[in-house]
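Quick notes on the structure that follows.
Rule-based calculations on the coordinates, nothing more; no lab input. What you are looking at is a predicted structure, and each value in this text was computed from that prediction instead of being measured. As a convention, Cβ positions derive from the backbone with ideal geometry for all residues, glycine included, and neighbour counts pool all protein chains shown.
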Amino acid sequence: MKIFGYSLYESSSAGWKKTYSPLGGYHMIRSELIQKLADENPHLYQRDVERIVNTVFDEITGAMAKGHRVELRGFGAFSVKKRDARVGRNPRTGESVSVEEKHVPFFKTGKLLRDRLNGG
Amino acid sequence: MSDKTLTRMDLADAVHSQVGLSRNESADLVESVLDHVSDALVRGESVKISSFGTFSIRDKAARVGRNPKTGEEVPIHPRRVLTFRPSHLMKDKVAAGNKS
């Protein structure tokens, strides 16, 4: 099966799939994460596993929307960074446009995960 | 903008109240979610959570760095770094929620 020119491999077990990313290597997607958790916790309803995973990510987004920081030791920290207002330029026309001050999400990898990525 | 910091415990509390599992089990499940994401990244996979964002791994080449204090040259070994690219939805929510 091909999607956008990349081959898509679908596992026979319970319908999770691995997608090939344009950068090479595999992608893990939300549904696969849910499936792994469901496989490990057969006493939970699939519906509840979905809610658990969604709650974790929604809480992080919600906290940042309130300007809070989310610190997950070993994994990393999500925070909000302020970008000052600036004069930007439309790259096509060269026209100046003022860009308002804005806040953007930021993630810093935790030490343990950074070390694990490098074979530590 | 307030300086409140959430931790695993807050995520576990949210799971506890949203799903109704015990605090203990909620904490274990939050940990499992983070572990699965970490393990995939360590295997070299990127992790794409729709409407949240994408964690991906990049290989950095070796280069010569410099100790900014002493000016001394130090070799920086090739290494893998993790980058997080927030989804548009997250960017919009964070921008809207922090508007002054």
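Which residues' amide hydrogens lie under 5 Å from the amide hydrogen of A:Ile29, considering only partners 5 or more residues apart or on another chain, with H built in the peptide plane?
Close amide H contacts, sequence-distant or interchain: B:Lys48.
Based on Cβ point charges of +1 for Lys and Arg and -1 for Asp and Glu, what charge dipole magnitude is obtained for segment A:39-117 about its Cα centre, in debye rounded to the nearest 20?
520 debye
Using the Kirkwood formula over every pair of different C-alpha atoms, what hydrodynamic radius in Å results for segment A:25-67?
Here the Kirkwood hydrodynamic radius works out to 11.4 Å.
How about chain B: which trypsin sites (Lys or Arg not before Pro) there lie in a loop by DSSP and see at most 14 other Cβ atoms within 10 Å?
Taking chain B and a limit of 14 other Cβ atoms within 10 Å, the loop trypsin sites (Lys or Arg not before Pro) found are B:Lys4, B:Arg43, B:Lys69, B:Lys99.
What size of dipole, in debye to the nearest 20, comes out for the protein assembly as shown about its Cα centre when the only charges are +1 on Lys and Arg C-beta atoms and -1 on Asp and Glu C-beta atoms?
Dipole of the protein assembly as shown, to the nearest 20 debye: 1040 debye.
With θ set to phi - 60° and the Karplus curve 6.51 cos²θ - 1.76 cosθ + 1.60, what are the ³J(HN,Hα) couplings of segment B:52-67 in order, to the nearest whole Hz, using x for Gly and Pro?
Values, residue by residue: 10, x, 10, 9, 9, 9, 10, 8, 9, 6, 5, 8, 8, x, 9, 6 Hz.
Using only the Cα atoms of chain B, construct the convex hull and provide its projected area averaged over every direction, in square nanometres to one decimal.
Taking a quarter of the hull surface, the average projection is 10.2 nm².
Once you have a ≥ b ≥ c as the square roots of the Cα gyration tensor eigenvalues for segment B:44-99, tell me rounded if a/c is under 1.5, and otherwise prolate or oblate according to whether a/b is larger than b/c.
Cα axes put segment B:44-99 in the oblate bin.
Can you tell me which of B:Gly65, B:Gly44, B:Gly20 moves the most in a GNM of chain B? Springs connect C-alpha atoms under 10 Å apart.
Among B:Gly65, B:Gly44, B:Gly20, the largest GNM mean-square fluctuation belongs to B:Gly65.
Just to check, using Stokes-Einstein with a Kirkwood Rh over alpha carbon pairs, what's the diffusion coefficient of the protein assembly as shown at 10 °C and 1.306 mPa s in µm²/s?
The calculation lands on 81 µm²/s.
In sequence order, what are the phi-derived ³J(HN,Hα) couplings for segment A:99-114 according to the Karplus relation 6.51 cos²θ - 1.76 cosθ + 1.60 with θ = phi - 60°, rounded to whole Hz, with x for glycine and proline?
Result, ordered by residue: 9, 5, 4, 8, 10, 10, x, 9, 10, 10, 5, x, 4, 4, 5, 4 Hz.
So, in Å, what gap is there between the alpha-carbon centers of segment A:92-111 and segment B:1-63?
About 24 Å separates the Cα centre of segment A:92-111 from the one of segment B:1-63.
Identify, among B:Val47, B:Ala62, A:Asn54, the residue whose Cα sits farthest towards the positive end of the charge dipole of the protein assembly as shown, taking +1 on the Cβ of Lys and Arg and -1 on the Cβ of Asp and Glu, with the dipole about the Cα centre.
The listed residue farthest towards the positive side: B:Ala62.
Normalising by the residue count of chain B, find the relative contact order in percent from Cα pairs under 8 Å and 6+ residues apart.
Once normalised by length, the contact order is 19 percent.
Please list the non-local residues whose amide H lies under 5 Å from the amide H of A:Gly76, H modeled 1.01 Å from N, same-chain partners needing a gap of 5 or more.
So A:Gly76 has HN proximity to A:Gly110.
For the pair B:Ser50 and B:Val74, how long in nm is the line joining their label points, each one 7 Å along Cα→Cβ?
If labels sit at B:Ser50 and B:Val74, their model points lie 4.5 nm apart.
Could you give the dipole magnitude of chain B about its Cα centre, charging the beta-carbon of Lys and Arg +1 and that of Asp and Glu -1, in debye to the nearest 20?
Magnitude of the dipole: close to 620 debye.
Starting at the first residue of segment A:55-68, write each ³J(HN,Hα) from the Karplus equation 6.51 cos²θ - 1.76 cosθ + 1.60 with θ = phi - 60°, in whole Hz, x for Gly and Pro.
4, 4, 6, 5, 4, 5, 4, x, 5, 5, 5, 8, x, 7
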